[in-house]
Amino acid sequence: MNIEEVARAQFRLDTNCPEECEERYRIMINRSVKLDGARMFDGMSIDFRAVIFKGDAYIMASDELMEWTKEKYEKFKPEWFCAFSNLRTLDQKLMESGLKIHDTHVYFLPDEYAEEYELECPYEVKWFEDEEIDDFPDRKKFPHALPGLKLQPDRIAAAAFDEGVPVAVAGASEDGKYMWQIGIDVLPEYEHHGLAVFLVDSLKKKILEKGILPYYGTSESHSLSQDVAIRSGFLPAWAEIFVKKIEKT
């Protein structure tokens, strides 16, 4: 699998970006359209979206925001998109249209050149797929691994059991046509035993075997989660900005 090619194919779907646009421009600005196979998240508006990947910017904007977006970002340096000064300016503009920045995230993709090494788990590991996940015991204790969202259906999970009780779960949701997102939860009393790294690494490999690209997302300030990603064979790959409509009170 060519990881970069697959990721870019997903980003084109996410931002309504024609392939010929990607070939010509470093900053690609297209009109907001929801395409089949695009990654969508609960509460997200498609009126504006930005994906910053390897020095390129995939941006889509509504008709109302298009002129401003082009003037602001056609010559912008993508690597500084998430600087707070730019996010503040963007948020102020969005508010004029009844929108606001909902979140920014850093995302990780598998490191093709990561050294492979055997990890061990002291607990029994069980695998669950599709409908089997619906009956997972105590799934509410594992909201990041098994969120149970309509837009991001749970597809596969690896769980560590201690005497028949689940204590850690890594799960993946079908977020887009080409990419599944991994989430991890470990019960507090079982943290710092390497379970997160073991399960995330195992799940990453299983998803790749299916011909699907796994990815891992977290907050810019969540260094512990980022550490899990890196130790599981992922590397920082892109940043993304989501917006949502301002709820009227």
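Just the residues that are of a type in the set (A, V, I, L, M) and either crowded, with 18+ Cβ neighbours inside 10 Å or within 24 Å of Tyr178 (Cβ to Cβ) (or both), please, taken from the range 213-247. Matches in the range 213-247: Leu213, Val228, Ala229, Ile230, Leu235, Ala237, Ala239, Ile241, Val243. Just one of the listed residues (Leu94, Leu119, Leu149, Leu109) is touching a strand residue (DSSP E or B) at 6+ places or on another chain (Cβ under 6 Å) and closer than 30 Å to Leu187 by Cβ, and it is Leu109.
Among all residue pairs at least 6 apart or on different chains, which show Cβ distances below 8 Å where the first residue, located in the range 33-51, is in contact (Cβ under 8 Å) with a residue 24 or more places away in the chain and within 19 Å of Ala172 (Cβ to Cβ) and the second is buried (at least 16 other Cβ atoms within 10 Å of the Cβ) and aromatic (Phe, Trp, Tyr)? That search, which allows pairs on different chains as well, returns Gly37/Tyr178; Phe41/Phe242. When the strands (runs of 3 or more DSSP E) confined to the range 93-184 are screened for residues that are closer than 23 Å to Phe53 by Cβ and hydrophobic (A, V, I, L, M, F, W, C), those reaching at least 2 such residues are found at 99-110. Within the range 200-217, does at least one residue satisfy the condition of being acidic (Asp, Glu), assigned to a helix (DSSP H, G or I) and in contact with a helix residue (DSSP H, G or I) (Cβ under 9 Å, 6 or more places away or on another chain)? Scanning the range 200-217, I find at least one residue that is acidic (Asp, Glu), assigned to a helix (DSSP H, G or I) and in contact with a helix residue (DSSP H, G or I) (Cβ under 9 Å, 6 or more places away or on another chain), so the answer is yes. Based on what the data block shows, is Asn30 more than 23 Å from His222 (Cα to Cα) and touching a residue at least 40 places away in the same chain (Cβ under 8 Å)? Here the answer is no, as Asn30 does not meet what is asked.
Does Glu174 qualify as being more than 15 Å from Leu199 (Cβ to Cβ) and in contact with a Ser or Thr (Cβ under 6 Å, 6 or more places away or on another chain)? So Glu174 fails the test.
Counting only residues that are assigned to a loop (DSSP other than H, G, I, E, B), in contact (Cβ under 8 Å) with a residue 60 or more places away in the chain and over 14 Å from the mean Cα position of the chain (by Cα), which one in the range 218-249 is farthest from Ala83 (Cα to Cα)? The extreme case among them is Gly233.
Every read-out reported here was derived from the displayed coordinates using simple, explicitly stated rules and does not represent laboratory data. Since this is a predicted model, take the numbers as computed values, not measurements. Positions of Cβ are backbone-derived with ideal geometry, glycine not excepted, and every protein chain shown enters the neighbour counts.
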